[in-house]
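Right, one structure below, let's go through it.
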Amino acid sequence: MNKNIKLAVAGAVLALSATANAGIIIPAGDWTLDINGNVNAYANWTKGKDSNTITGGLATKKDAAGESNTQGINTGLLPSWLGFTGTTRQNDVDVSFTISMQPNASDNSGAGDALAPLFRQSFLTFGDKSWGSIKLGKDIGIFASDAILNDMTLLGVGTGAANSGASTTLGGIGSGYIYAAWKGQVAYTTPNFNGFQGTIGITNPNQGVADAGVTGSANTLYQDRFGLEGKASYSFAANDVTGKVWVSGASYKVKPTSAVEYTAWAGDIGATVSAGGFGLTGYYYSGDGYGTTTPLYLGASASGAKRDSDGGYVQATYTLPTKTKVGVAYGVSKLDLATGETAASSDILDENERWTVGAYHPLTKHLNLVAEFNNVESKSHRGNKNESHTGSLGAILFF
């Protein structure tokens, strides 16, 4: 199975019997081809209680007609996925390539086919277990990747379900962690030293957009060097207890339009542990000029002054005798005002807060039924608040 699909399934606390299964394996001369992926879709019912303007808020508002309720059918946080991975060993070097595409479940156009599929992966790797491996190409970012891979809504919906026709929902992105994003990168991963492993790399300097206060104008954040990202982790297993502890970080040099250059950075720490049928995950991050929800979003004011941010999530799960996994999670992402900004005149996000309750049942070896309830509350520094809740029913099939 594609490496990141494996990580997504194995890393998520909801991973069920499909975890250990590869995709469709095809020998092809010197190569072994793995065709893999998933198909998922969810019916979502969302009620937005308020109509306030909050820049960066994730809670769904009433629509333009003043209606509170909205429905949609969409993929969840993990998009439907078709991946191709080829592996071989040549001259004592393990070589592989991965290319994947992510089609949409639906969109809001009249014909229903306006959205183009995503293409999130195109990379090669080479290395050996004795000295590590090198990756070149587009893949999930290094910083904060473990946060999303251990989020239970990865196999469900989370926030953002009211955006019918979007490529994916948001899960816990922006309400517990910053999106790792999909980035061009050159990265080195060490060998596994009895559970210890590290990765360091340079990433594509994707441009971001900073909020310009209450004026509504955009402030593009240009980058004049590669991003620097890295992480270190330790995985352990003893009797019936398994777990992982990790730290990661990122640094970007940013030049806002008509403002002074600054360095944006972020760091995190997390841990997950499973014992018997119980699972527990805790995560915390902090950033300076790094923004919220996605990298560099709202990271600086119109004048280029940095905003601090932090947040995290905790989640607990339990597998019932029926093999149904139930879970509850709480997440929050906070954003401070920059120097010179005042709360009395700012509709900029103060915090996004989320509660999730979910049930995930393995109907077959590869097919899981999913039911979730998510409550989201967004607050601005001015004191405005939006609150919404979403119920979701659907299924995800891995192959």
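The values are calculated or read from the model by the stated rules, or taken from the named source; none is laboratory data. As the structure is a computational prediction, the values presented were derived from the model and not from experiment. Here the Cβ is made from the backbone with ideal geometry for all residues, glycine too, and neighbour counts use every protein chain on show.
Please go through the stretch 229-266 and give me each residue that is closer than 17 Å to Leu298 by Cα and of a type outside the set (Ser, Thr, Tyr), ordered by number.
Ala250, Lys253, Val254, Lys255, Pro256, Ala259, Val260, Glu261, Ala264, Trp265, Ala266
Inspect all residues belonging to the stretch 25-33 and state whether any of them is of a type outside the set (Asp, Glu), buried (at least 21 other Cβ atoms within 10 Å of the Cβ) and under 30 Å from Thr98 (Cα atoms).
Checking the stretch 25-33: not a single residue is of a type outside the set (Asp, Glu), buried (at least 21 other Cβ atoms within 10 Å of the Cβ) and under 30 Å from Thr98 (Cα atoms).
Within the stretch 108-167, which residues are crowded, with 24+ Cβ neighbours inside 10 Å and over 15 Å from Leu77 (Cα atoms)?
Gln121, Asp139, Gly141, Ile142, Phe143, Ala144
What's the number of the only condition in (1) surrounded by fewer than 24 Cβ atoms within 10 Å (Cβ to Cβ); (2) among the β-branched types (Val, Ile, Thr); (3) part of a strand (DSSP E or B) that Thr322 fails to meet?
Every condition holds for Thr322 apart from (3).
Can you find a residue in the stretch 350-358 that is in contact with a Ser or Thr (Cβ under 6 Å, 6 or more places away or on another chain), in a strand (DSSP E or B), basic (Lys, Arg) and under 24 Å from Val326 (Cα atoms)?
Yes, that holds for at least one residue.
Condition (residue is among the β-branched types (Val, Ile, Thr), in contact (Cβ under 8 Å) with a residue 60 or more places away in the chain and closer than 26 Å to Asn40 by Cα) applied to the stretch 336-356: is it met by at least one residue?
So far as the stretch 336-356 goes, yes, one or more of its residues are among the β-branched types (Val, Ile, Thr), in contact (Cβ under 8 Å) with a residue 60 or more places away in the chain and closer than 26 Å to Asn40 by Cα.
Specify the residue that is nearest to Gly243 (Cα to Cα); the eligible residues are those in the stretch 277-301 that are buried (at least 22 other Cβ atoms within 10 Å of the Cβ) and among the hydrophobic types (A, V, I, L, M, F, W, C).
Of everything passing the filter in the stretch 277-301, Leu296 is nearest to Gly243 (Cα to Cα).
Could you run through the stretch 24-79 and say how many residues are of a type in the set (Ser, Thr, Tyr) and either at positive phi or under 23 Å from the mean Cα position of the chain (by Cα) (or both)?
Looking only at that region, the number is 5.
Among (1) in contact (Cβ under 8 Å) with a residue 40 or more places away in the chain; (2) of a type in the set (D, E, K, R); (3) buried (at least 17 other Cβ atoms within 10 Å of the Cβ); (4) touching a Ser or Thr at 6+ places or on another chain (Cβ under 7 Å), there is one condition Arg382 misses while meeting the rest; what is its number?
(1)
Do we have Ala105 as in a helix (DSSP H, G or I), of a type outside the set (D, E, K, R) and buried (at least 22 other Cβ atoms within 10 Å of the Cβ) here?
no
Please go through the stretch 114-139 and give me each residue that is of a type in the set (Ser, Thr, Tyr) and under 19 Å from Thr203 (Cα atoms), ordered by number.
Across the stretch 114-139, the qualifying residues are Ser122, Thr125, Ser133.
Please enumerate the residues belonging to the stretch 359-399 that are outside any strand (DSSP E or B) and of a type in the set (Phe, Trp, Tyr).
Within the stretch 359-399, just Phe399 meets the criteria.
Of the conditions (1) at pLDDT below 95; (2) touching a strand residue (DSSP E or B) at 6+ places or on another chain (Cβ under 8 Å), Ser345 clears all except one; give me its number.
Result: Ser345 fails condition (2) only.
Here's the yes/no breakdown for (1) within 16 Å of the chain's Cα centre (by Cα); (2) at pLDDT 95 or above; (3) not in a strand (DSSP E or B):
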site: Val245; (1), (2), (3): no, yes, no
site: Ala250; (1), (2), (3): yes, yes, no
site: Ala259; (1), (2), (3): no, no, yes
site: Leu296; (1), (2), (3): yes, no, yes
site: Ser303; (1), (2), (3): no, no, yes
